[in-house]
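What follows is one structure encoded as structure tokens, with my remarks underneath.
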Amino acid sequence: MQSPGAVGAVPGAPAGAVRWPTAPEVDSADTPAPVHLATDLPGTTSGGGELPPGEPASGGTGPRLRTDLPSGTPIGTGTGDYPLPAPDPRARPAGEAPEAPEADTRAEAGTPTGADPGHEPAAQPPAAQPPAGTGAGPRTCVFCGVGRVALDDYCEHCGKAQPRERDHMETSLDTLAAVSDRGLRHHRNEDAYAVSPAALPDGSPAVVAIVCDGVSSASRPDEASLAASRAASARVLDLLALGTHPQAAMHEAILAASEAVNALAGDGGADQEHAAHQNAPACTLVGAIVAKDLLIIGWVGDSRAYWVPIDREGPSARLTEDDSWAAQMVAAGLMSEAEAYADERAHAITGWLGADAYELEPHTVSFKPDRPGIVVVCTDGLWNYAESADEMASVLPVDAADRPLQAARTLVGHALDGGGHDNVTVALVPFPVPGQGAGSAWGAAAERTAAGGP
């Protein structure tokens with residue numbers, strides 16, 4: 001921790017606000033990388049330029065909106081739910097044996113359970129058959145036990161949606177953890193994440209977390225989020241290994257994610273039945289990099305990052321500003337924050353990754369926290385149930401630094417208990433990065449990442 005005398009106050013900051021010292025590093029334009037308070041956070045480009053307050057993302061006379069409602073639902077109508085709610089992912093099908101006592105098995109770096117052989121999805125129903133296309137023959141419904149599962153993953157006998165590998169995913173790596181869940185209303189999980197340790201050229205450890213939320217009103221949102229998270233993570237790890245400044249690496253990672261999502265619009269996808277009536281694949285993105293004493297946040301859309309100090313003595317803070325209708329109304333002084341977020345148009349987003357987005361301008365900001373903390377990187381499926389920084393801090397367990405996987409599960413459970421109306425994804429990132437102890441899961445994974453291994 002730095003002494004109070006070493007921490008410079010930012011002019012105009014409110015009393016009691018977090019006091020971040022100025023970062024001496026330079027960005028990709030060889031100018032000092034800006035340091036922002038959460039109370040003065042309009043978002044910046046990796047060159048350090050502030051976005052004009054209240055200016056529409058399109059640069060036109062009004063914001064262009066995307067909504068996370070199912071395709072074809074006008075803004076302001078409905079609740080965002082699908083006509084038939086999906087089964088509760090926390091409930092076991094009839095006849096399933098109780099779960100064995102929890103064992104905190106450590107997963108490979110950046111590999112969610114359920115997405116890699118050797119890691120099974122949490123609460124996976126019994127007797128699940130191999131997915132179609134693997135050469136293992138037709139699948140049988142895990143609920144009724146007699147129906148054949150069609151290519152759309154629904155049982156032809158009872159009509160129930162079958163569990164998928166992305167319904168519930170978890171990754172745990174010492175003090176870094178991420179959990180994603182389909183929620184209680186969506187028929188599939190359209191979120192994705194990628195978390196991984198990294199090694200800088202001087203051998204010091206770093207960590208990267210990318211969280212993406214597919215836009216439900218667009219086509220193939222699950223593919224968009226997965227492609228974006230993988231592309232961004234791969235790009236930022238490559239650049240950090242080359243010695244690129246973390247803020248510039250985050251900027252380039254968002255551009256790489258955008259290119260990956262744009263490419264989906266041209267490949268057609270596996271299902272062409274309704275392609276002519278669908279929007280291009282799209283998603284939002286938020287990412288965090290912790291490298292030495294720097295915390296870098298980057299985002300496009302309304303997925304968020306929060307700061308919660310471990311000692312809970314300093315204030316918590318929201319580190320991102322939404323690309324949304326509500327945020328624009330507040331920035332323009334047309335509504336209070338309470339009024340804007342109570343409006344039915346609040347969650348219509350004005351920035352996203354996708355071929356039909358306006359000119360992309362990634363937001364990146366840098367911080368130098370004066371004490372250890374936890375960065376909560378999440379989709380709106382979580383922050384809808386803990387919107388303010390204080391609310392997020394209140395539901396984050398106090399032992400999150402020591403038990404990050406359990407803490408991430410607790411946050412997801414909080415959203416499910418609140419209604420689970422959306423997919424829920426959260427990554428918990430430690431600041432500073434823990435040391436790479438000999439023989440630890442963290443150290444071994446970081447060594448594999450530095451060597452170019454999985």
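Tabulated results
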| read-out | value |
| --- | --- |
| Complete set of residues in the range 156-172 that are of a type outside the set (Lys, Arg) and modelled with pLDDT under 90 | Gly159, Ala161, Gln162, Pro163, Glu165 |
| Residues satisfying the stated conditions in the range 225-241, i.e. small (Gly, Ala, Ser) and open to solvent by less than 20 Å² (accessible area, probe 1.4 Å) | Ser225, Ala228, Ser229, Ala232, Ser233 |
| Hey, Val365 within 16 Å of the chain's Cα centre (by Cα), touching a residue at least 12 places away in the same chain (Cβ under 8 Å), closer than 20 Å to Ser229 by Cα and open to solvent by less than 10 Å² (accessible area, probe 1.4 Å) or not | no |
| Complete set of residues in the range 146-155 that are open to solvent by less than 50 Å² (accessible area, probe 1.4 Å) and either at pLDDT below 85 or hydrophobic (A, V, I, L, M, F, W, C) (or both) | Val149, Ala150, Asp153, Cys155 |
| Condition broken by Ser394, with the remaining ones in (1) assigned to a strand (DSSP E or B); (2) more than 19 Å from Val211 (Cα to Cα) satisfied | (1) |
| Of residues in the range 297-316 being more than 12 Å from the chain's Cα centre (by Cα) and under 13 Å from Ser388 (Cβ atoms), the one most open to solvent (accessible area, probe 1.4 Å) | Pro315 |
| Any hit, the range 155-165, residues being within 21 Å of Leu353 (Cα to Cα) and out of contact with any Leu (no Cβ under 7 Å at 6 or more places or on another chain) | no |
| Filter result for the condition that a residue is touching a strand residue (DSSP E or B) at 6+ places or on another chain (Cβ under 8 Å), more than 24 Å from Trp352 (Cα to Cα), among the hydroxyl-bearing types (Ser, Thr, Tyr) and open to solvent by 30 Å² or more (accessible area, probe 1.4 Å), over Thr175, Thr244, Thr171 | Thr175 |
| Odd one out for Val429, checked against (1) touching a strand residue (DSSP E or B) at 6+ places or on another chain (Cβ under 7 Å); (2) open to solvent by 10 Å² or more (accessible area, probe 1.4 Å); (3) under 24 Å from Ala327 (Cβ atoms) | (2) |
| Looking only at the range 184-199, and only at residues there that are part of a loop (DSSP other than H, G, I, E, B) and modelled with pLDDT under 95, the one that is least open to solvent (accessible area, probe 1.4 Å) | His186 |
| Cβ-Cβ under 8 Å pairs, at least 6 apart or on other chains, the range 178-199 side over 24 Å from Arg403 (Cβ atoms) and touching a residue at least 40 places away in the same chain (Cβ under 8 Å), far side β-branched (Val, Ile, Thr) and surrounded by fewer than 24 Cβ atoms within 10 Å (Cβ to Cβ) | Ala199/Thr449 |
| Pairs with Cβ under 7 Å, 6+ apart, first in the range 317-341 and on the phi < 0 side of the Ramachandran plot, second modelled with pLDDT under 90 and basic (Lys, Arg) | Trp325/Arg345 |
| Number of the condition not met by Thr425 [criteria: (1) hydroxyl-bearing (Ser, Thr, Tyr); (2) assigned to a helix (DSSP H, G or I); (3) within 20 Å of Ile289 (Cβ to Cβ); (4) modelled with pLDDT of 95 or more] | (2) |
| Flag if Val398 is at pLDDT 70 or above, open to solvent by 60 Å² or more (accessible area, probe 1.4 Å) and among the β-branched types (Val, Ile, Thr) | yes |
| Every residue from the range 155-174 that is more than 17 Å from Val424 (Cβ to Cβ), assigned to a strand (DSSP E or B) and without any contact (Cβ under 8 Å) to a residue 60 or more places away in the chain | Cys155 |
| Filter result for Asp323 (closer than 23 Å to Ile296 by Cα, open to solvent by 20 Å² or more (accessible area, probe 1.4 Å) and of a type outside the set (Val, Ile, Thr)) | yes |
| Flag for Val207 being β-branched (Val, Ile, Thr), over 30 Å from Trp299 (Cβ atoms), over 14 Å from the mean Cα position of the chain (by Cα) and crowded, with 19+ Cβ neighbours inside 10 Å | no |
| Residue match in the range 128-139 (condition: of a type in the set (Lys, Arg), modelled with pLDDT under 85 and either open to solvent by less than 50 Å² (accessible area, probe 1.4 Å) or outside any loop (DSSP other than H, G, I, E, B) (or both)) | yes |
| From the options Asp222, Asp202, residue that is in a helix (DSSP H, G or I), open to solvent by 10 Å² or more (accessible area, probe 1.4 Å) and either out of contact with any helix residue (DSSP H, G or I) (no Cβ under 6 Å at 6 or more places or on another chain) or among the polar types (S, T, N, Q) (or both) | Asp222 |
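The values are calculated or read from the model by the stated rules, or taken from the named source; none is laboratory data. Bear in mind that the values here come from a model prediction, so they are computed numbers and not experimental data. Quick reminder, even Gly has a Cβ in these numbers, built from the backbone with ideal geometry, and neighbours come from all protein chains shown. Heavy atoms of the whole protein, side chains included, go into the accessibility calculation; ligands, DNA and RNA do not. Shrake-Rupley method; radii C 1.70, N 1.55, O 1.52, S 1.80 Å.
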